[in-house]
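The values are calculated or read from the model by the stated rules, or taken from the named source; none is laboratory data. On a predicted model such as this, the values are computed, not experimentally measured, just so you know. Glycine gets a Cβ as well: all are built from the backbone with ideal geometry, and neighbour counts include every protein chain shown.
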Amino acid sequence: MVELFKHLFHLDFEWIVSNYSDSIYTVLFLVIFIETGLVIMPFLPGDSLLFMAGMYSKIGDLDVMTIIFLLSIAAVLGDNVNYWIGRRIGLGVFEWKIGGRQLVKESYLKKTEDFFEKRGVFAIIMARFVPIVRTFTPFAAGVGKMDYRKFLLFDIIGGVLWITSMTLAGYFLGQITWVKENNEKVVLGIVFLSVLPMLISFLKSKISSKNA
């Protein structure tokens, strides 16, 4: 399992496909479910993982429609688990510790709440495209006891959009010669673009606090 996660974080799909064959669908399902469903696991490489899955689908190692269908279910299920964790356990999750260290940082919840405040319920859709925020958004919605039917509607829309767009981006762009020859740069670019909204928000808050 440790070996698998090491290759997942390095997005070594060649190793994963050769070692897991058809079980790779289960592996991808679990990764997306864990990233979106467990508030203590916001660092899994969701965006870049979907892009690479789409890219390998084009090569023929995976079926793109199966990926989109299964991972859309994983994303929605994960968010729903996270929502009910927030609703049932609430802020008590910040008391969870290992070795005296917090498993979940309260600062992440604050950033997510700010995201909600600026974008309203549409934050549930938009947050899908922002690492860390996408893990804390359903949790924050649960803590705030957001109407579940409203949450579920926007969550399904956001989940399907996220999975479909990132997977198809890899499917169609992954065969461009430059992209194939510069996989690592492309993945780093995806990660950078994903965290850019958070970086801009962080810089704005720093400037605002400095001016104050």
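Residue by residue, here is whether (1) polar (S, T, N, Q); (2) modelled with pLDDT of 75 or more holds:
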| position | (1), (2) |
| --- | --- |
| PHE154 | no, yes |
| LEU161 | no, yes |
| THR164 | yes, yes |
| VAL179 | no, no |
| ASN183 | yes, no |
| VAL186 | no, no |
| GLY189 | no, no |
| SER205 | yes, no |
| SER209 | yes, no |
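Only one of the numbered conditions (1) crowded, with 21+ Cβ neighbours inside 10 Å; (2) within 15 Å of the chain's Cα centre (by Cα) is not met by MET55, and that is (2).
Taking the criterion of being crowded, with 22+ Cβ neighbours inside 10 Å and either free of Cβ contacts under 8 Å to residues at least 12 places away in the same chain or among the basic types (Lys, Arg) (or both), the residues of region 126-157 that qualify are ARG128, ARG134.
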